[in-house]
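The values are calculated or read from the model by the stated rules, or taken from the named source; none is laboratory data. Note that this is a predicted model, so its numbers are computed, not measured. Cβ: placed from backbone, ideal geometry, glycine included. Neighbour counts: every protein chain shown.
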Amino acid sequence: MTENAGVDEELLPIGAFAARTRLSAKALRLYDRTGLLVPARVDADTGYRFYRAGQVERARLVALLARLVALLRQLDMPLARIAEIVDADGGTAGAERLAAYWADVEARHAARRTLADHLRGRLSGGAPRYGKFTVDLVDVPEQVIVTESRHVLADELPAWIGAALGRLEEGARAYVGVTGAPFVVYHAEVSVESDGPAEACVPVADAAAARAWAEEGGRARGTTVRVEPAMRLARTRITKAQVAHPQILAAFEAVEEWMRERGLTYAGPCREVYFADWDAAGP
């Protein structure tokens, strides 16, 4: 059967088109209803669908994408993220977006696993298990720091820490010079009910230059500069997956228990020191 459209092009009934594309007639009707693959002609009297031979590759692509969508749904991927992968331009863009999604999934899973372990320890009725934490002492010299403080609840904390440290590091690198790992000081409890305050801190090279930068560019954010005296810290290192609240509390409690056992007392508020690249670190 042919249709004249400048050049004659073969039209295939749905059965023949299904055989050529290795798809079922049911799938082709579904693709028609959803607008993914519309027949070249539909007979007004019989409703029979006819396809151009040139639509074969399009049909195979639609089928491939449909299988891809079904597989991505098995990964519990939201439809919006699936659309980003299906619509990706280029041969590697979709794969990169899938890799990014799965990295997020693995990070969430690692955090949930750590949370479940923390909760099991709490619900067991026994003493908390601190053996997995290695605690030691470190001497920190006097340092100049630029800071930004905020009253913040636990669920708001991760976003604020990233934004505040990002602002401080950007300004410090441009005008002063960063001399150490950034950290956050907790001047009071931060939880789902208590809002701190917390203080984001970045060590810098020069107090005078830091004050000039804070006065010029950091006034809107309440950026301050202070000299922190030399101190001795009791510390433990944890994984990125252990940072989430409330499981991070186990790390703080492990340090507190270690200090009590050795007769050490507090000389200042607790803190988190970000010794590694957060974005590059795995769970």
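Within region 124-138, identify whether any single residue is part of a helix (DSSP H, G or I), out of contact with any helix residue (DSSP H, G or I) (no Cβ under 7 Å at 6 or more places or on another chain) and of a type in the set (D, E, K, R), and answer yes or no.
Among the residues of region 124-138, not one is part of a helix (DSSP H, G or I), out of contact with any helix residue (DSSP H, G or I) (no Cβ under 7 Å at 6 or more places or on another chain) and of a type in the set (D, E, K, R), which makes the answer no.
Given the criterion more than 24 Å from the chain's Cα centre (by Cα), crowded, with 19+ Cβ neighbours inside 10 Å and without any contact (Cβ under 8 Å) to a residue 60 or more places away in the chain, identify the matching residue among 212, 172, 200.
So the residue among 212, 172, 200 that is more than 24 Å from the chain's Cα centre (by Cα), crowded, with 19+ Cβ neighbours inside 10 Å and without any contact (Cβ under 8 Å) to a residue 60 or more places away in the chain is 172.
Return the total of residues in region 238-258 being surrounded by fewer than 17 Cβ atoms within 10 Å (Cβ to Cβ), touching a residue at least 40 places away in the same chain (Cβ under 8 Å) and touching a strand residue (DSSP E or B) at 6+ places or on another chain (Cβ under 9 Å).
Residues that pass the stated criteria total 2.
Of these, 202, 225, which one is in a strand (DSSP E or B) and touching a Leu at 6+ places or on another chain (Cβ under 6 Å)?
After applying the criteria, what remains is 202.
Among the residues of region 168-184, is there at least one that is part of a strand (DSSP E or B), of a type in the set (A, V, I, L, M), assigned by TED's automatic domain parsing to the domain that holds residue 246 and within 20 Å of residue 270 (Cβ to Cβ)?
yes
For region 56-74, state whether one or more residues are modelled with pLDDT of 80 or more, surrounded by fewer than 17 Cβ atoms within 10 Å (Cβ to Cβ) and within 22 Å of the chain's Cα centre (by Cα).
Within region 56-74, one or more residues are modelled with pLDDT of 80 or more, surrounded by fewer than 17 Cβ atoms within 10 Å (Cβ to Cβ) and within 22 Å of the chain's Cα centre (by Cα).
Look at residue 154 and say whether it is touching a strand residue (DSSP E or B) at 6+ places or on another chain (Cβ under 8 Å), assigned by TED's automatic domain parsing to the domain that holds residue 237, small (Gly, Ala, Ser) and modelled with pLDDT of 80 or more.
Details: touching a strand residue (DSSP E or B) at 6+ places or on another chain (Cβ under 8 Å): yes; assigned by TED's automatic domain parsing to the domain that holds residue 237: yes; small (Gly, Ala, Ser): yes; modelled with pLDDT of 80 or more: yes.
Taking the combined requirement at face value, the residue satisfies it.
Mind listing whichever residues of region 175-187 are among the hydrophobic types (A, V, I, L, M, F, W, C), surrounded by 13 or more Cβ atoms within 10 Å (Cβ to Cβ) and within 18 Å of residue 272 (Cβ to Cβ)?
Quick first cut of region 175-187, residues among the hydrophobic types (A, V, I, L, M, F, W, C) only: 176, 178, 181, 183-185.
With the extra rule that they be surrounded by 13 or more Cβ atoms within 10 Å (Cβ to Cβ), the set shrinks to 176, 178, 183-185.
Scanning region 175-187 gives 178, 183, 184, 185.
Restricting the search to region 20-37, which residues are assigned to a helix (DSSP H, G or I) and either over 37 Å from the mean Cα position of the chain (by Cα) or surrounded by 11 or more Cβ atoms within 10 Å (Cβ to Cβ) (or both)?
Our first condition is that a residue be assigned to a helix (DSSP H, G or I); within region 20-37, this holds for 20-21, 25-33.
Result: 20, 21, 25, 26, 27, 28, 29, 30, 31, 32.
Check residue 190 against each of (1) assigned by TED's automatic domain parsing to the domain that holds residue 237; (2) surrounded by 15 or more Cβ atoms within 10 Å (Cβ to Cβ); (3) modelled with pLDDT under 85 and name the one condition it does not meet.
It fails just one condition, (3).
Does any residue in region 61-84 that is under 16 Å from residue 95 (Cα atoms) come within less than 8 Å, Cβ to Cβ, of a residue that is exposed (fewer than 11 other Cβ atoms within 10 Å of the Cβ) and of a type in the set (D, E, K, R) six or more places away or on a different chain, and which pairs are these?
Pairs found: none.
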